[in-house]
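Some notes on the structure that comes next.
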There are 2 protein chains.
Amino acid sequence: MDTRTALLDSAERAARQRGFDAFSYADLAKEVGIRKASIHYHFPMKADLAFGLIERYAQRFSETLSNIAASPDPAAAKLTAYRELYRDALADGSQLCLCVSLSAGRDSLSEQVLGELNRFHEDSIAWLERIFEDGHEDGSIANVDNPALEAAATLALMEGAQLVARAAKDVALFDQATASFDARLTHTQSH
Amino acid sequence: MDTRTALLDSAERAARQRGFDAFSYADLAKEVGIRKASIHYHFPMKADLAFGLIERYAQRFSETLSNIAASPDPAAAKLTAYRELYRDALADGSQLCLCVSLSAGRDSLSEQVLGELNRFHEDSIAWLERIFEDGHEDGSIANVDNPALEAAATLALMEGAQLVARAAKDVALFDQATASFDARLTHTQSH
DNA sequence: AGTACCCTACCTATCACTAGGTAGGTCGCC
DNA sequence: GGCGACCTACCTAGTGATAGGTAGGGTACT
C-alpha cells in the first residue's frame, strides 16, 4: 500500500482514539513499519500531517454528504443517515470522528488547519440547513421553525453525543442523547 | 493565597483553554511563582492534579445545581440557568468547561479520574431529568415526551455547542446551537 | 551502450528541547 | 526538634526535527 496513505490511516486512527497530540512520529513509524525520520519525507512537520488528515477527511465527508443529499429519500431519512455517520464513527465507543477530536485539541493546531476545520463545520451546517428546509416542505421532519438554528443545534448535538458516549465508552449514550432528535423524524418503513 | 488553590486555579484555566495534556508543570510553576519541583509537594503526580481539579469542579457544580434546583422558579427558568452555566464557561470563546475538556482528552486520564468524570455526567443527567419532569408538570417546558432522553440530549447539546463555539472562537455559535432548545422554554417576564 | 545526473523513498545518527519525576538541602514556625 | 513548604540540581524518557547518506529507478546526452 502507498506509504503516505498508510501514514494517514494510522495517524487518523490514533488521532481519533487518543487525540492528535497524544501520538508521536515514533508510534506512527512502528505501526507503519518505517523509521521515524522517514515520516518527515512525507510530512515535513506534524502540522503538515494534521493538514493532510483534515483535508482527506473533509473531502470524504463532503462526498458522503453529497451522496446522501442526492438520494430521492425524504429529508428525515437523510438526517437519519447523517446521524448514522456520527454513530458509526464512534466504533465501539473508543473513537471520535476527526473533527470532534481536532476541535477538542484545537490549541496545538496551525492556523491553516484551524481554518479548514471551521470550514468543515460551516459546510456541515449549510448542508443540514438545506435538509431541514426540505424536511419542512416534505413534512418528514416535525417542528421546523428555523432551519439555520436547527442545523447548528444538530451539529452540536451529534458532536456532544459523541463526546459523552466516548467518555463513558458506551455507544448507548449516543443513542440516548439522539433519541429525541430521532423522534422528530418520520420513518417510512420500506422493505 | 493558598498555594494549592493557586495551582488548581492556574491548572484549571490551562486545562480549559489548552487541554490537560497541553500544559506542563513548568507552565504552572511560572504562573504561580514557585519552582517546578515544588508542585510535586502538593500534587505528587499529574494524575493527582487531575483528580484535584475534577473533584473541586464536581463539588462546585453540584452545589450550583442544588441552588438552581432549590429556587421557586419554574423548571424552564432552571434550564435557562443551566444553559447559562455552559455559556459562561465559554468566556470569550476560548475556554471549555472542565468536563468537556477532560472528556475530550480522555485517553491520558487515570481510571480514577475517568470514574469521577463519568459520575459527574451521570449526576448532571439525573439532575436534568428531574427538571424535565418538573417542566412537564408545571407546563413551562414544551414537548416533554421522555425526561430521561431529554436529559441526555440536553447534556450532549450543551457540550457539543461549547465545542463548536470554542473551535470557531465565537460565542454566537453557542447561542445558535442552543436557540431551538431555548425556544421550548416558557420565559415568564419578571421585572 | 555507457555515463552523468537527478529523482523518490527510505535509512542511521543525532540534535535541542521538554516532559514528569526524584533526591536532598534550606528555612521559618509551632 | 520536627515538620510544612519550598528550594537547587538532576535524571530518564521521551518529543519533533535535522543532517547526511544510500539503494534503485528514470531520463538524457554522447
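The values are calculated or read from the model by the stated rules, or taken from the named source; none is laboratory data. Bear in mind the structure is a predicted one, so any value in this text is a computation, not a measurement. Ideal geometry is used to build each Cβ from the backbone, glycine not excepted, and the neighbour counts take in all protein chains shown.
Does the range B:85-108 contain at least one residue that is within 16 Å of DNA strand D (Cβ to nearest atom) and under 14 Å from B:Arg166 (Cβ atoms)? Checked against the condition, which is being within 16 Å of DNA strand D (Cβ to nearest atom) and under 14 Å from B:Arg166 (Cβ atoms), the range B:85-108 yields at least one hit.
For the condition more than 14 Å from every other protein chain (Cβ to nearest Cβ), more than 27 Å from B:Lys169 (Cβ to Cβ) and more than 14 Å from DNA strand D (Cβ to nearest atom), B:Ser38 does not qualify. Of the set (1) within 16 Å of DNA strand D (Cβ to nearest atom); (2) crowded, with 16+ Cβ neighbours inside 10 Å; (3) within 14 Å of chain A (Cβ to nearest Cβ), all apply to B:Asp27 but (2).
Part of a helix (DSSP H, G or I), away from DNA strand D (no atom under 11 Å from the Cβ) and within 14 Å of chain B (Cβ to nearest Cβ), is that true of A:Arg16? For A:Arg16, the condition - part of a helix (DSSP H, G or I), away from DNA strand D (no atom under 11 Å from the Cβ) and within 14 Å of chain B (Cβ to nearest Cβ) - is met. Answer yes or no as to whether A:Ala22 is away from DNA strand C (no atom under 11 Å from the Cβ), buried (at least 19 other Cβ atoms within 10 Å of the Cβ) and either at pLDDT 90 or above or within 19 Å of A:Phe51 (Cβ to Cβ) (or both). Taking the combined requirement at face value, the residue does not satisfy it.
Checked against (1) over 25 Å from A:Glu133 (Cβ atoms); (2) within 15 Å of the chain's Cα centre (by Cα); (3) among the small types (Gly, Ala, Ser); (4) more than 16 Å from DNA strand C (Cβ to nearest atom), A:Ser62 passes all but a single condition, namely (1). All conditions but one from (1) in a helix (DSSP H, G or I); (2) within 11 Å of another protein chain (Cβ to nearest Cβ); (3) surrounded by fewer than 22 Cβ atoms within 10 Å (Cβ to Cβ) apply to A:Leu157; the one that does not is (3).
In the range A:110-131, which residues are of a type in the set (A, V, I, L, M, F, W, C), in contact with a Ser or Thr (Cβ under 8 Å, 6 or more places away or on another chain) and either more than 10 Å from every other protein chain (Cβ to nearest Cβ) or on the phi > 0 side of the Ramachandran plot (or both)? Hit for the range A:110-131 is A:Leu128, nothing else. Restricting attention to the range B:133-147, the residues that are facing chain A (nearest Cβ under 9 Å) and touching a Phe, Trp or Tyr at 6+ places or on another chain (Cβ under 8 Å) total 0. Output the residue which, of all residues in the range B:70-109 that are within 14 Å of another protein chain (Cβ to nearest Cβ) and in a loop (DSSP other than H, G, I, E, B), is surrounded by the most Cβ atoms within 10 Å (Cβ to Cβ). Filtering the range B:70-109 for residues that are within 14 Å of another protein chain (Cβ to nearest Cβ) and in a loop (DSSP other than H, G, I, E, B), the one surrounded by the most Cβ atoms within 10 Å (Cβ to Cβ) comes out as B:Leu96. In this structure, B:Asp2 qualifies as out of contact with any strand residue (DSSP E or B) (no Cβ under 9 Å at 6 or more places or on another chain), more than 14 Å from chain A (Cβ to nearest Cβ), at pLDDT below 90 and within 16 Å of DNA strand C (Cβ to nearest atom).
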